[in-house]
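Only one structure is covered here, and it is reproduced in the block below.
Each value in this text was obtained by applying a stated rule to the coordinates, not by laboratory testing. Remember, it's a predicted structure, so these values are computed and weren't measured experimentally. Cβ placement follows ideal geometry from the backbone for every residue including glycine, while neighbour counts extend to all protein chains displayed.
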Amino acid sequence: MKPTHQTPVPFNTPVCPRALALASVFVAGQAFAQGAGGEVPTLADVVVTGNYQNAVGSTDAASEGVVTRKLLQGRPTLRPAEVLEFVPGVIVSQHSGDGKANQYYLRGFNLDHGTDFATHLDGMPVNMPTHAHGQGYTDLNFLIPELLQSIHYRKGLYAAEDGDFSSAGSARLNLVDSLPKGLASVTIGERQFTRGLVAKSVDLNAGTLLYALEGAYNNGPWQNPENYRRVNGVLRYSLAEGGTRHSLTAMAYTSHWHSTDQVPQRAIDGGLIGRYGTLDPSDQGKTSRYSLSWQMLRQMDDGEWAANAYFIRSRLALFSNFTYFLDNPVDGDQFEQAESRNVMGGSLSRLWKGSLGGLASNTTLGAQWRRDSLSPVGLYTARDGVRTGVTQQSRVQQNSVGLFAQNETRWLPWLRSVAGLRADRSSVDVTSNIDANSGERTAWINSPKLSLIFGPWEKSEVFLNWGYGFHSNDARGMTARVTAKTGEAIDPAIPLVRTKGREIGFRSEWLPGLQSSVALWQLDMASELVFVGDAGETEAAGASRRHGVEFNNHYVAAPWLILDADLALSRARFRQPQGDAPNAGRHVPGAVQKVLSAGVTVTDLGPWFGQLQVRYFGPRPLIEDNSVRSRASTLTYARVGYRINADTRLSLDAFNLFNRKVSDIDYNYTSRLQGEAAEGVSGIHSHPAEPRTVRVTLSMNF
C-alpha cells in the first residue's frame, strides 16, 4: 500500500512532527497490515484521535507514543514543565523557586533537573550540558502550553536519533504553526497569582505569522513571598512552497524570583519555621533565554530531506543555601551558581522510502551538531544574595557531533525490524581559574540499536527492543584534577558514560476505544558519576541496574468521555554496595519506585468540559542502605469549565484539591542550624507541595 499523502506535512501536524523524520522512520501499522507489497508509510499517514496517538502499528516500542493537543489543552498544569507529566510514568516536582528548572523522575531515576531524559522543542535541545546548577539542566519555563501541538515521547534508548541524555527517555515538544482564531486569556488565583496571554496567527504574504505574549506573577504560599515574575514572547513564521515547508521561530523569556528551598524537617518540628517557611530569605534567582530556530522539510518522490538550525542565548544567576552554617559558621553557606551561555547547532537528514530486495524498506541517514560556549560558568560564595568570592570559575567550549543511520524493513506481513547505529563525538576545552582543572578532552562512543515488531494480530502486536546509549558528564569534571573547595587530588570524570537497555512490550486494542500497552524494561549504567554543581566537583557512584514494568491504558468510553490509567513500577540498585558503614548499601537514593496516574476527561458535554487527574508518587530510598525513606504523596488536580458562547470559555482549576500536606521532594543530608554541633545533623530535608490552589481563567477567541 502506498501512502496517498503527496504534500508536505506541516510541523504542527497532530501526529508525530515531521521534523522527527530527520533521524528515524516510524511506521504506520494500519498500512502495514496490508502486507509488504508497497512502500513503508511514515507517521504522516497515521490519523490521531483521542488523548494519545498510541494505536497498534503507530510506534516502534510499547513505551513510545504521542500526546495530542486535545489532552494538552484539556488538563490543567500548575507549572509549564508539568506538560511532561503527560508522558506516562513521569513525575515533575520542584524543590526551589518556580523560576528554577523542575525536578524530574522516570524509570527508577531521580533525574535531578534533566540528566538522562532528553527534551527538545521544535528541534532545539532543552538540556544544557556543563550547566552551572546540574548536568542536563532542563528549564521549560519559557514554554507557553497553549502553543503546544503535540509531545512525541520515547522511554528507553532504542531510536538512532536519540543521543546524549536519552537513556531514560526523550520528549519532543512541537509548537503549532497557526491558531484557528486569536486567543486572549486572563487567569487569577490565590496568593496574588495573575497571568495574561495574547496569541494570534495572521496571513503574511504566502505564509503564516504566529505571535504570542505571556506575562505572569505569583507569590505562592511561602512565608517569604516568591515575587515570581515571568515574561514570554513567541514570533513564528511558517511558509509552504510546493513540496517544501519552512518555519522560523524567535522566542524570548526572562524571569526573577525569591526561593524557598527545601528545609530540614527538624526546623519545622522544633517550631523554628512554619511548613512554608525558609531559613535563608535571601535565596533567589534570575534567568533569561533568547532563541532563533529554523526548520525545513522537503518532500521528494522517494522520501524527504529535513534540516534545522538554532541559536540560543541564556543567562542564569542562582543563589542557594542548603546547609546553612555547616561550612561557614560565621557568614553562612549561601553560594551562587551563574553562567552565560551561547548555543549553536543543527541537524540534517535524508530519508529514502522504497524497497530492499523487494521488501518495503525505509532508510535514514543523519547528522547532528551542537556547540556550547560558556563564558563564564562558575560557583561562588555569597551572603544575603550578594557574591563574596570565587570557588571555581571556567570558560568552556564544548562541541558535540552525532552521526546516525537507521533502516526499517518489513520482512513478513507480521514482522518488521528497525536497526540503527549512531556515533557520537564530544570534545571540551576548559579554562579554569584553578590551573590544575584546565585542559582538553575528546571522546567517541558508538551506540547500536535494534527493534523487532511482531504483528499486528487481532489488533495486537509484540515488541522486542534493545540498544546502547550514553550520557555525558560535565566538561569541568572531565578535566578536573583537584576538588574546587579543598584542593584534594581527584581523577577526571569519564567523558561519556555507557548505558544499555532492553525491553519487551505488548500493545492491544482488543476492546473498541481502548488502547492498552505493557512494557518490561531493564537499563544498565556503567557509572552514576555526575558533576555536582552545588559542590563544584565530580561525585562518583558505581555501576547500576534498573528494571521495571509499565502498564498504560487509554479508553475513549464515549464521544465526550476519555479515561486514562497508567502504572509504573521500577527498581534501582547499584551493582555493588556504596559508601562506608553504617550506610553502605545498594539502593540508589531518590530512585522512584511506583507511579500511578489516573484521569477522567470530559469534552463537549453540552457547554461543559472538565478534567480530574490523580497522581500517586510512591516512597523512595533516601540513603544507600534504605534506612531512610521519603513518604508517598498523592495529589489531585481538577478542572471544571463552561462555554459561555462559541468564543468565550470560563474554567476553574484546583490544584492539590484535597489539600494534602505532602512533600514535593525529599532529600537526606547533613546541615547545620545556628547553635547545633559543628559537625551538623543528618536528616530529611523537604520542600512541601503547595496547598490547595484555585485559579480562574477567562479565555476569549477573536
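Which value in deg cm²/dmol, rounded to the nearest 500, describes the helix-derived mean residue ellipticity at 222 nm for the chain, given -39,500 (n - 2.57) per DSSP H run of n ≥ 4 and division by the residue count?
-500 deg cm²/dmol
Mind counting lysine pairs for me in the range 18-701? Cα separation below 18 Å, and the two need to be 8 or more apart along the chain or on different chains.
Within the range 18-701, the lysine pair count is 7.
Enumerate the amide H contacts of residue 102 below 5 Å, restricted to partners 5 or more residues apart or on another chain; note that Pro and chain-start residues carry no placed amide H.
When sequence neighbours closer than 5 places are left aside, the close amide H contacts are 140.
In whole angstrom, how far apart do the alpha carbon centroids of the range 205-261 and the range 158-180 sit?
Computed from Cα coordinates, the inter-centre distance equals 19 Å.
Take the Cβ-Cβ distance between residue 269 and residue 367 as r, set R0 to 56 Å, and report the resulting FRET efficiency rounded to the nearest 0.05.
0.50
I need the Debye-formula profile for the chain: one equal scatterer per C-alpha, no solvent, reported as log10 I(q)/I(0) at q = 0.05, 0.07 1/Å, two decimals.
Normalising to I(0) and taking log10 leaves -0.22, -0.45.
With N denoting the number of residues in the range 227-317, provide Rg(C-alpha) divided by 2.2 N^0.38 Å, to two decimal places. Let's see the in-between values first.
Values: Rg = 22.7 Å, N = 91, 2.2 N^0.38 = 12.2 Å.
Against the compact-globule rule of thumb, the ratio is 1.86.
Looking at the range 652-702, which trypsin sites (Lys or Arg not before Pro) are DSSP coil and have at most 16 other C-beta atoms within 10 Å of their C-beta?
Here the trypsin sites (Lys or Arg not before Pro) that fit, given the DSSP loop and packing criteria, are 660, 661, 692.
Using a 10 Å cut-off on Cβ atoms, rank the peptides 58-68, 451-461, 312-322 from the highest mean neighbour count down. Write out the running numbers ahead of the final one.
Working: 58-68: 26.7, 451-461: 18.8, 312-322: 21.0.
Highest-to-lowest ranking by the protection proxy: 58-68, 312-322, 451-461.
Just add up the charged neighbours of residue 92: K/R +1, D/E -1, any other residue whose Cβ is under 9 Å from the Cβ of residue 92. Please list the in-between numbers first.
Details: positive: 79; negative: 82, 85.
Every neighbour counted, the sum reads -1.
With Cβ to Cβ distances under 13 Å as the rule, what net charge do the other residues near residue 260 carry (K, R +1; D, E -1)?
Summing Lys and Arg as +1 and Asp and Glu as -1 gives -4.
On alpha carbon coordinates alone, what is the Rg over Rh value for the range 302-421, Rh being the Kirkwood radius? If you can, show how the numbers build up before the last one.
On the way: Rg = 24.5 Å, Rh = 18.6 Å.
Using Cα coordinates only, the ratio equals 1.32.
Give a quick list of chymotrypsin sites (Phe, Trp or Tyr not before Pro) in the range 575-680 that DSSP marks as loop, anything other than H, G, I, E or B, with at most 11 other Cβ atoms within 10 Å.
658
Highest first, please rank the peptides 92-99, 103-110, 485-492 by the mean number of other Cβ atoms sitting within 10 Å of their residues.
Ranked by mean Cβ neighbours within 10 Å, highest first: 103-110, 92-99, 485-492.
Taking θ as phi - 60°, what are the ³J(HN,Hα) couplings along the range 458-470 by the Karplus curve (6.51, -1.76, 1.60), each to the nearest whole Hz, with x for Gly and Pro?
6, 6, 9, 8, 10, 10, 10, 10, 8, x, 9, x, 6
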